[in-house]
Amino acid sequence: FECSMSHDIPHYGQAVFYREAGETMIFYLQAMDSDMAEGRALLTSMPPSWRKELPERDIGYVDVARSGRPVVLDEANTRLVLAELFRGMMPTLTRRAWYSEDDSVLVAVSPVNFKVAYRDYQTCLSNLLPVNFGQIERSTVFWGAGQMELDEGARTLLDNIIQYIQADAGVFSVQINGFTDTAGNNRDNLESS
């Protein structure tokens, strides 16, 4: 149903890569108490202390909110962070502190043991269902007037629903209703529904 890979950041919280079935991957910071001011933080790729010969590189700016999840990155930026970790770099967010104009808060993700953890994460990703409950809980399948066969899209939707139901022991019942519009012959419509 979901996969996550987290990294503890001492005195801050966690950096989390997360993907729910049927959704795109995101990266977020889970803060115990974030000192970052609301606004935009600079995302850089910094070399770890044992690789100082490598150059630092600016990746871009990301939004910061005053919440328990001050930074949430979309899939494109999440993949950039992953690529930097693969290079052995430390993706680092820098933002002014909320309590001082002169102080900055730096939050870095270490590449130590990243590749081993990422292999496990990839295994989880490969086993995700194609959809999540929210995507199928109230599904509608349409078919054309006078048609009794479903198109490929409707068949895929039904296959995804079946796959989800088989995987989720928490589903106790399924309700199926058939309806037609007022176009056409009433008897044929009743038969179709």
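The values are calculated or read from the model by the stated rules, or taken from the named source; none is laboratory data. As the structure is a prediction and not an experimental result, all values here were calculated from the model. Cβ: placed from backbone, ideal geometry, glycine included. Neighbour counts: every protein chain shown. Keep in mind that these areas ignore ligands, DNA and RNA; they rest on the heavy atoms of the full protein, side chains included. Shrake-Rupley method; radii C 1.70, N 1.55, O 1.52, S 1.80 Å.
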Theoretical gain in end-to-end length, residue 86 to residue 101 [0.36 nm per residue, Cα-Cα removed] = 2.0 nm
task = Take 172, 86, 1 and sort them by solvent-accessible surface of the protein heavy atoms, 1.4 Å probe, largest at the top.
result = 172, 1, 86
ask   = Largest first, how would 182, 94 line up by accessible area (1.4 Å probe)?
value = 182, 94
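Can you tell me the dipole magnitude for region 67-193 around its Cα centre, using point charges on the Cβ only (Lys, Arg +1; Asp, Glu -1), in Debye to the nearest 20?
540 debye
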query = Add -39500 (n - 2.57) for each DSSP H run of 4 or more in the chain, then divide by its residues: what number comes out at 222 nm, to the nearest 500 deg cm²/dmol?
reply = -8000 deg cm²/dmol
note = FRET efficiency for residue 33 and residue 139 from the Cβ-Cβ distance with R0 = 41 Å, rounded to 0.05, comes out at 0.50
P(r), alpha carbons of region 102-193 - 5 Å bins starting at zero, rounded % = 2, 9, 14, 13, 12, 11, 9, 7, 6, 5, 4, 4, 3, 1, 0, 0
message = Would you work out the Kirkwood radius for the chain? I mean one over the mean of 1/r across all pairs of different Cα atoms, in Å.
response = 20.2 Å
message = If DNA, RNA and ligands are ignored and the probe is 1.4 Å, what is the ranking of 32, 90 by accessible area, most exposed first?
response = 32, 90
task = On a C-alpha basis, how far is the centre of region 60-74 from the centre of region 135-158 in Å? Whole number, if you could?
result = 38 Å
P(r) tail fraction, region 11-115 - alpha-carbon pairs more than 22 Å apart, % = 29 percent
request  = Give the residues of region 1-45 whose amide nitrogen is closer than 17 Å to a point set 7 Å from the Cα of residue 118 in the direction of its Cβ.
outcome  = 4-8, 15-19, 25-28, 44-45
ask   = How much accessible surface area, in Å² rounded to 10, belongs to the heavy atoms of residue 124 with a 1.4 Å probe?
value = 50 Å²
query = Once the Cα atoms of helix 152-167 and of the chain are each reduced to a long axis, what angle between those two axes, in degrees from 0 to 90 to the nearest 10, is obtained?
reply = 70 degrees
ask   = Most fluctuating residue of 73, 150, 129 in a GNM of the chain with Cα springs under 10 Å: which is it?
value = 150
Over 15 Å [Cα-Cα, region 85-136], rounded percent = 67 percent
note = Diffusion coefficient in µm²/s returned for region 25-78 by Stokes-Einstein, Kirkwood Rh over C-alpha pairs, 25 °C and 0.890 mPa s, is 197 µm²/s
